[in-house]
Structures are given as C-alpha cells and as structure tokens.
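Heads up: the structure comes next, in structure tokens.
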Amino acid sequence: VSWLSRKEVVASTIVVIVIIVVMSIYIGAIDFILAKIVSLFLRGRM
C-alpha cells in the first residue's frame with residue numbers, strides 16, 4: 001500500500017472543494033432560471 005503525500009492530499013482536497021462549489025453555483029443558477037420560467041408560464045396560464 002502506498003499512501004499519498006500530505007501535499008497531494010491537500011491539493012486533491014482543494015480540487016474537490018472547488019469542484020463542489022462550482023457545481024453548486026451552476027445547479028443553483030439552473031434551478032433559479034427554471035423556477036422563473038415555470039413561474040412565468042404558470043402565471044400566464046392562470
């Protein structure tokens with residue numbers, strides 16, 4: 001078994017955190033846009 005060095009673990013952790021933040025912002029933006037579109041569509045139909 002070969003363990004990663006501390007530097008590699010820290011770098012990997014930072015990459016994972018950055019990806020999570022970017023994906024969260026992306027999914028949140030898509031959710032916001034779709035919610036606005038659905039809201040406008042439903043408001044127009046009622």
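Bear in mind these aren't lab numbers, they're just calculated from the coordinates by the rules spelled out. Everything numeric here is computed off the predicted structure, so don't read it as measured data.
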Using each residue's phi in region 13-18, evaluate 6.51 cos²θ - 1.76 cosθ + 1.60 at θ = phi - 60° and report the 3J(HN,Hα) Karplus result to the nearest Hz, with x for Gly and Pro. 4, 4, 4, 4, 4, 4
Please list, in order along region 26-34, the HN-Hα scalar couplings obtained from phi with the Karplus expression 6.51 cos²θ - 1.76 cosθ + 1.60 (θ = phi - 60°), rounded to whole Hz, x for Gly and Pro. 4, 5, x, 5, 4, 4, 4, 5, 5
With each run of n ≥ 4 DSSP H residues scored as -39500 (n - 2.57), what mean residue ellipticity at 222 nm is computed for the chain after dividing by its residue count and rounding to the nearest 500 deg cm²/dmol? -32000 deg cm²/dmol
Taking the inverse of the average 1/r across all pairs of different Cα atoms in the chain, what Kirkwood radius in Å do you get? 13.6 Å
So if each residue of separation counts as 0.36 nm, and I subtract the Cα-Cα distance between residue 4 and residue 18, what length gain in nm does that give? 3.0 nm
